[in-house]
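In what follows, a single structure is set out as structure tokens and then discussed.
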Amino acid sequence: MAKQCSLPWDEISDFNASAPTIESLSGSTVVASPSEEPASADSGFPLNKGTCVRLNMEDLKCFDVVERQFQQWGLTFRNAIALHPSNPAFPPRSGTTVLMGAPKNGLIEISFEFPVRFVSGFVTSSQRTILSAYDQQNQLLGRSELTEPNLAGTDSNIPPNSQLSVAVPNIYRITFYAFDGCLTVDDLSFGL
């Protein structure tokens, strides 16, 4: 069942002042599974502009290195594994599977074959975490940040699975970076 993509528009940094409005991002929502091919669109990309894609990580096997499982949806991962967290400090937001930055702690990178207009994920981290978006020339377009760790069961002011989002045109690559801490990301979505 498809979930709607949502962004905390009032929490997106001033760096994203030119971000599209929620009205321009609302459109169809699809759930992307690594085992399914997307329906074809006229633009050459498998999806039409205005589509929100939510990744179904539940179809990933625990401890799989995640790289090209979603390539048919236009994205490639670097430094990510699928995990069913056994540490209660890193609870999943939904389901049982999250992505963890590994083998290098605290980093997950996603590259997009075609430009996207927003990326969102729910993060739990042992360190301050920054979501950064880059264009095709590797220029920083925008960023969003958790200012402190947000592990479950701690006295953090930020709850676990807090949403980080960046909304700006022409995103070709994003990174979640937790300064060598442990990092999990759940319910990833992006929009064209």
*Search region 101-126 for residues being under 16 Å from residue 161 (Cβ atoms) and not β-branched (Val, Ile, Thr), and hand back the single one that is farthest from the chain's Cα centre (by Cα).*
126
*What's the number of the condition residue 117 fails, among (1) under 19 Å from residue 32 (Cβ atoms); (2) among the basic types (Lys, Arg); (3) in a loop (DSSP other than H, G, I, E, B)?*
(3)
_Extreme residue, nearest to residue 159 (Cα to Cα), among residues of region 62-112 that are of a type in the set (Lys, Arg) and part of a loop (DSSP other than H, G, I, E, B)_ = 93
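For region 25-41, state whether one or more residues are in contact with a strand residue (DSSP E or B) (Cβ under 6 Å, 6 or more places away or on another chain), modelled with pLDDT under 90, open to solvent by 20 Å² or more (accessible area, probe 1.4 Å) and not hydrophobic (A, V, I, L, M, F, W, C).
Of all residues in region 25-41, those in contact with a strand residue (DSSP E or B) (Cβ under 6 Å, 6 or more places away or on another chain) come to 25, 29-32.
Next, from what is left, pick out any that are modelled with pLDDT under 90: 25, 29-32.
Next cut, open to solvent by 20 Å² or more (accessible area, probe 1.4 Å) only: 29-31.
From the residues that got through so far, the ones that are not hydrophobic (A, V, I, L, M, F, W, C) too are 29.
For region 25-41, residues in contact with a strand residue (DSSP E or B) (Cβ under 6 Å, 6 or more places away or on another chain), modelled with pLDDT under 90, open to solvent by 20 Å² or more (accessible area, probe 1.4 Å) and not hydrophobic (A, V, I, L, M, F, W, C): present.
Out of everything in region 97-121 that is open to solvent by 10 Å² or more (accessible area, probe 1.4 Å), among the hydrophobic types (A, V, I, L, M, F, W, C) and touching a Ser or Thr at 6+ places or on another chain (Cβ under 9 Å), what residue ends up being nearest to residue 58 (Cα to Cα)? Reasoning before the result, please.
At the first step, the residues of region 97-121 found to be open to solvent by 10 Å² or more (accessible area, probe 1.4 Å) are 100, 102-105, 107, 109, 111-115, 117.
Applying the additional criterion that residues be among the hydrophobic types (A, V, I, L, M, F, W, C) yields 100, 102, 107, 112, 114.
Cutting the leftovers down to touching a Ser or Thr at 6+ places or on another chain (Cβ under 9 Å) gives us 100, 107, 112, 114.
On the way: 100: 14, 107: 21, 112: 21, 114: 24 Å.
For region 97-121, the residue satisfying everything is 100.
A quick yes/no check of all residues on (1) in a loop (DSSP other than H, G, I, E, B); (2) surrounded by fewer than 19 Cβ atoms within 10 Å (Cβ to Cβ):
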residue	(1), (2)
123	no, no
156	yes, yes
159	yes, yes
170	no, yes
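The values are calculated or read from the model by the stated rules, or taken from the named source; none is laboratory data. Here the structure is a predicted model, which means the values were calculated and not measured. With ideal geometry, Cβ positions are generated from the backbone for all residues, glycine too; neighbour counts draw on all protein chains shown. Heavy atoms of the whole protein, side chains included, go into the accessibility calculation; ligands, DNA and RNA do not. Shrake-Rupley method; radii C 1.70, N 1.55, O 1.52, S 1.80 Å.
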